[in-house]
Amino acid sequence: VSTAVDPIALVYEEARLLDAARYRDWLAIFSHDARYWVPMSRTQSDAIAEQSIAYEDPILMRVRVERIPIAGQHVLQAPRIVASEAQRYRTETAFLYIESRGETQTLWAGTTTHDLRVDQGRLAIQQKRIDLVNAHAALPTIYLIL
Amino acid sequence: VRTYRDNTAAITALVESDRVHRDAYLSAELFALEQERLFARSWLFVGHASQVPNAGDFVTTDIAGVPVILVRQADASVRVLANRCAHKGAMITSDRRGNTGRAFRCPYHSWSYRTDGSLLAVPVAEGYTGTAMRECETGRGLGVIASGSHRGFVFARLAPSGPSFEDYFGAALANLDAMADRSPEGELEVVGEPLRNLVPANWKIYLENINDSLHANITHESSTGAAEAVWAEQPTGTAKPPAIEQLLPFGSGTEFMAKMGGRVLPNGHSILGTAASIHSAYSAIPEYAEAMTQAYGEARAKEILGWSPQNAVLYPSIALKAAPQVMRVLRPGAVDRTIVEAWTFLPRGAPRALVQRSMLYNRLVFSPMSIVAHDDTHVFETIQRALASNANPWISLHREARGDESSTGTRDVGGLDEALMRNQFRAWVAALTREAAP
């Protein structure tokens, strides 16, 4: 099924592009007004009024991918469509993300919420929200992209 | 191994006038001595009064490995208590914040304490009649830790004796004024929870870097380079986003850094950027400038807003940035592990846009996902690892180390002078060679 119309396929494709380090292609599946958001708690409803671990627009996402030197692997549990209306979907996906740097491998876990909408005839990511299970803890550096 | 505990000469020999021995960053024994002799007898940041506005409000944290509670009293004062039940030593609360009402109650056996720390009630009270429980430490309740505060910033000294709050900080307290005066009402408020980072390096490597102006445009070349490249691609006429405005100055050249000026203060405190800093050129927020002028008059408002050092360090626990209105708190956990918190302040009476700028700065620069912090953390890790090499046991702090610096007074220096780091080590060696704490 085409990622241009199928929300589940797009969520898988997003992780594949990251793990393949195809960052330009990754950026291209986000809408022009997209947000990449890692909140500090699961109950957080506002990315600005409350502090976030990351909250980035396409310009900052570009800056991030410009300088990434290392490898990561996403393992997704089957994404679930939790809401849909005309041309819009929300999916939730449990994930493990393994980041490798030098001799060290770091494991992250959480749930990703994708807000997807049809933009110029194809599905695009409007917001990717990542809730880490340990978002409350003092965290070591997350080098790549959850 | 007890190389240093009973040998002050060996500790003194670690710090020369212009270089430091690697053991300062590697020795677990020295880390334990730092906890006892430096941190326990210094005034360490605990929290801010705005976090506990009402009687019974509390926040918890660890200082120098000791769990403590900052709690608001019925008479509106604040106290710092040991978070340790007088009975068996369980922590009275594991919550990061809350309101305890009139009393704390231990989750283990229900011993309860008034908010001033005194023992309120014990279960099976008759079991203690005729015992010595009330006459010893147990009967005194939760330990009350010496605390002092300035402009809402609350500090504590774990050791029962040591320098007074005022003597320890002296003129360095003006750096807290510089933060609070940026509020048209003269008051700050903590915004939410701090971002918390686990840094795999000795706390001094992190703290020295706070005073290291030279590294910025070298270590952060890739992140500022990426920001420059992306910014250059934007169509002409695009308004400069605040994030780009905050990232690009990290590329400021060595000449700029040399001119920004530094100041060493007694007891390891310092200011980097007395003349200017990479935060000096943030665009004005007209509504804020107006509120400041109304509150302070034009001249004073200009003076307050014109003072924007790179970092003011209240040794050994905090570093403040007045212009983006943020603070880092260092909470050393082990010789090679440090928790670094990034706090945001709302200047009361200032527009929301100013707070958003502060929060943005912390996300961009002091978050576990910060691309700027990535650069630093990578270097810190390599230092911690490579210092193990026998090839050269010394760290160089020679830059502009000419002449005698042994006087402990205030002194203005150039922006690239490593004097600020040498000053920290003078305070460090003085603390570690004092008699063991009581």
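Number of residues in the range B:325-363 that are within 11 Å of chain A (Cβ to nearest Cβ), of a type in the set (D, E, K, R) and in contact with a strand residue (DSSP E or B) (Cβ under 8 Å, 6 or more places away or on another chain): the value is 4. Scanning the range B:261-304 for residues that are surrounded by fewer than 16 Cβ atoms within 10 Å (Cβ to Cβ) and polar (S, T, N, Q), which turns out nearest to B:ASP167 (Cα to Cα)? Top of the filtered list is B:GLN294. Scanning the range A:70-79 for any residue that is buried (at least 16 other Cβ atoms within 10 Å of the Cβ), assigned to a loop (DSSP other than H, G, I, E, B) and more than 14 Å from every other protein chain (Cβ to nearest Cβ) turns up at least one such residue.
Mind counting the residues in the range A:23-72 that are of a type in the set (D, E, K, R) and touching a His at 6+ places or on another chain (Cβ under 9 Å)?
Going residue by residue through the range A:23-72, those that are of a type in the set (D, E, K, R) are A:24-25, A:33, A:35, A:42, A:46, A:50, A:56-57, A:62, A:64, A:66-67.
After this cut, where a residue has to be touching a His at 6+ places or on another chain (Cβ under 9 Å) as well, the list is A:67.
The total comes to 1.
Among the residues making up the range A:111-134, those that are surrounded by fewer than 19 Cβ atoms within 10 Å (Cβ to Cβ) and closer than 26 Å to B:ASP95 by Cβ are A:THR111, A:VAL133, A:ASN134.
Each residue in the range B:152-164 was checked for being over 17 Å from B:ALA82 (Cβ atoms) and surrounded by fewer than 18 Cβ atoms within 10 Å (Cβ to Cβ), and 2 of them qualify.
Go through the range B:72-96 and report how many residues are assigned to a strand (DSSP E or B) and either surrounded by fewer than 16 Cβ atoms within 10 Å (Cβ to Cβ) or touching a residue at least 60 places away in the same chain (Cβ under 8 Å) (or both).
First, pick out the residues of the range B:72-96 that are assigned to a strand (DSSP E or B): B:72, B:78-82.
Next cut, either surrounded by fewer than 16 Cβ atoms within 10 Å (Cβ to Cβ) or touching a residue at least 60 places away in the same chain (Cβ under 8 Å) (or both) only: B:78-82.
Total meeting the criteria: 5.
Which residues, taken from the range A:95-108, are surrounded by 14 or more Cβ atoms within 10 Å (Cβ to Cβ) and at pLDDT 90 or above?
Residues of the range A:95-108 that are surrounded by 14 or more Cβ atoms within 10 Å (Cβ to Cβ), as a first pass: A:95, A:97-101, A:106, A:108.
Across the range A:95-108, the qualifying residues are A:PHE95, A:TYR97, A:ILE98, A:GLU99, A:THR106, A:TRP108.
Of the residues A:ALA47, A:ALA54, A:ALA78, A:ALA71, only one is closer than 18 Å to A:LEU146 by Cα, under 17 Å from the mean Cα position of the chain (by Cα) and modelled with pLDDT under 90; which?
Details: A:ALA47 fails: modelled with pLDDT under 90; A:ALA54 fails: modelled with pLDDT under 90; A:ALA78 fails: modelled with pLDDT under 90.
Selected residue: A:ALA71, the only one of A:ALA47, A:ALA54, A:ALA78, A:ALA71 that is closer than 18 Å to A:LEU146 by Cα, under 17 Å from the mean Cα position of the chain (by Cα) and modelled with pLDDT under 90.
What number of residues within the range B:1-46 satisfy the criterion of being in contact with a Pro (Cβ under 9 Å, 6 or more places away or on another chain), farther than 30 Å from B:VAL144 by Cα and in a loop (DSSP other than H, G, I, E, B)?
Just the residues of the range B:1-46 that are in contact with a Pro (Cβ under 9 Å, 6 or more places away or on another chain), to begin with: B:21-23, B:31, B:34-35, B:38-39, B:41-44.
Next cut, farther than 30 Å from B:VAL144 by Cα only: B:21-23.
Remaining after also requiring in a loop (DSSP other than H, G, I, E, B): B:22.
Going through the range B:1-46 one residue at a time, the tally reaches 1.
If you go through the range A:24-61 and keep only what is farther than 30 Å from A:GLU103 by Cβ, at the interface with chain B (Cβ under 10 Å from one of its Cβ atoms) and charged (D, E, K, R), you end up with A:GLU50, A:ASP57.
For a quick check of your reading: which strands (runs of 3 or more DSSP E) sit entirely within the range B:331-424 and have at least 2 residues that are farther than 30 Å from B:GLU189 by Cα?
Output list reads B:394-396, B:411-413.
In the set B:TYR128, B:TYR108, B:TYR113, only one residue is touching a strand residue (DSSP E or B) at 6+ places or on another chain (Cβ under 9 Å), of a type outside the set (A, V, I, L, M, F, W, C) and over 30 Å from B:ASP177 (Cα atoms); that residue is B:TYR113.
Going residue by residue through the range B:305-316, is there one that turns out to be assigned to a helix (DSSP H, G or I) and under 30 Å from B:GLY65 (Cβ atoms)?
Step one: filter the range B:305-316 for residues assigned to a helix (DSSP H, G or I), giving B:305-306.
The next check asks that each one be under 30 Å from B:GLY65 (Cβ atoms); those that pass are none.
No: zero hits.
With respect to the conditions (1) buried (at least 17 other Cβ atoms within 10 Å of the Cβ); (2) away from chain B (no Cβ under 14 Å); (3) free of Cβ contacts under 8 Å to residues at least 24 places away in the same chain; (4) assigned to a helix (DSSP H, G or I), A:GLU92 lacks only one, and its number is (4).
A single entry from B:ALA401, B:ALA386 fulfils the requirement of being over 29 Å from B:ARG182 (Cβ atoms) and more than 14 Å from chain A (Cβ to nearest Cβ): B:ALA401.
Considered as a group, the residues in the range B:188-222 that are over 26 Å from B:PHE345 (Cα atoms) and in contact with an Asp or Glu (Cβ under 7 Å, 6 or more places away or on another chain) include one that is farthest from the other protein chains (Cβ to nearest Cβ), and that residue is B:ASN202.
Do you know which of the residues in the range B:403-426 that are touching a Pro at 6+ places or on another chain (Cβ under 8 Å) and not β-branched (Val, Ile, Thr) is modelled with the lowest pLDDT?
Keep residues of the range B:403-426 that are touching a Pro at 6+ places or on another chain (Cβ under 8 Å), which gives B:408-410, B:424.
Among the residues that remain, those that are also not β-branched (Val, Ile, Thr) are: B:409, B:424.
Numbers: B:GLY409: 86, B:GLN424: 97.
Step by step, filter the range B:403-426, then rank; the result is B:GLY409.
The values are calculated or read from the model by the stated rules, or taken from the named source; none is laboratory data. Just so it is clear, the structure is predicted and the values come from calculations on it, not from any experiment. We place every Cβ from the backbone using ideal geometry, glycine too, and count neighbours over all the protein chains shown.
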